[in-house]
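A short worksheet on the structure shown next.
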Amino acid sequence: MRTLFAVASETFLRLRRDKIFLPAVMIGVGLLALTGLASYWGVEEFFKILYDLGTAAYLFTGAAVAIFWGNKIVSDSRLEGSLEVQLASPISRSVWLLGKFLGLSAALILIGLCFLVAWQGIYFSYGMSWMNPFDLQLFAVLTLSWLLLAALSIMFASFATQAVALFCTIWIFVCGMISAPIMQTLSPETPEATRKVVTAIAGVWNLNSFNISQSVSKYHIPTAPEDIAFRVGYGFLLCGFFLSVACFTFQRKDIIA
C-alpha cells in the first residue's frame, strides 16, 4: 500500500507541475466565464443555457486533459526510461499502473475543484447565493466521467503505442458521446439488427448518463439518490473494468517494445 501511494504521489506532483496544468485550468475557467455571458442570450432560459454550456465546457475540458495525461504518463515513462528503473525495485506492474491512475485522478480532482471555485464565482457575479446540492452532485458525477476516461486512456497506453492509444481513446470517447443521441433519433424504418446494435452500445457505453442536467426537466431540484447511485456505480464499474484489462495486458507486455 505504501508503494502504491508513493507512485501516486510522484505522479500527482509531476502532473501538477506539467506545462498543461495551468493552461487547462485557465481555459476551463475561461469557458465557464463565457458560459455565464452566453446565458443572457435567452433571459427566459437563463439556467438552462447556463447549465448546458457550463457542463459541456466542464466535460470536454476535463476529458481532453484526462485523455492526454492518461496516455502521457505511461508513454513518457517508457521513453525516458523511468519505467524500467521503477519496476527494477520491488514494485509490481499492476501496482505501478494503479499508482499512476491514482495520481492522475488526484490531479483531475484538483482541476475539478478549481472549476468549482470558478462556478461559484459565476454565481456571485450574478447576485446568486452559494451552490446548492444539485450543483455539487452534477459536477461530482461529471468528474467521475473524467476518471473513467483516464482509466480508458491508461488501458490503451498499457499495450499500444502512443499514437494508437491516443487515437483509440478519442474514438471511443466520441462513440460514448454520440451513442445515446443516435439511438434516440433512429427512425421506425431502421432495420431491427441495426437498432439492436445501437441500443446495445448505448446501454453499455453512454457518457451522457454522467450529465445529470440532461436527465431532469428543471434545475435546482433534488435528484433521486438511487439515480445518483446508479450513475456512480456504473462509472466505477467501467473504471474497474478498464483498469483490470490494463493490469492484465501490462503484466504480459514487453515494456521495452
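Read-outs: derived from the displayed coordinates by stated rules, not from any lab. This one's a predicted model, so the numbers in the text were calculated from it and none came from an experiment. A quick note on method: Cβ atoms are made from the backbone with ideal geometry, for glycine too, and the neighbour counts reach across all protein chains shown.
Odds and ends about this structure:
- Virtual spin-label span in nm between Trp130 and Ser187, 7 Å along Cα→Cβ: 5.3
- With only Cα atoms counted, the chain has Rg and Dmax values of 19.7, 62 Å.
- Between Val197 and Phe5, the FRET efficiency from the beta-carbon distance, with R0 = 45 Å, is close to 0.60.
- Number of Lys pairs (Cα under 28 Å; 8 or more positions apart or on different chains) in the stretch 2-252: 4
- Cα gyration tensor shape for the stretch 97-232, rounded if a/c is under 1.5, else prolate or oblate: oblate
- Pairwise FRET efficiency - Leu22 versus Val85, Cβ, R0 = 45 Å, nearest 0.05: 0.95
- Percent breakdown of C-alpha pair distances by 10 Å bin, ordered from the shortest bin, for the stretch 61-139: 15, 35, 23, 15, 10, 2
- For the stretch 101-147, the spread of Cα positions along the three principal axes, ordered from largest to smallest, is 39, 17, 11 Å.
- Charge tally for Thr3 (other residues, Cβ to Cβ under 15 Å; Lys, Arg +1; Asp, Glu -1): +2.
- Phi-derived couplings, Karplus 6.51 cos²θ - 1.76 cosθ + 1.60 at θ = phi - 60°, listed residue by residue for the stretch 203-209: x, 9, 10, 9, 6, 5, 5 Hz, with x used for Gly and Pro.
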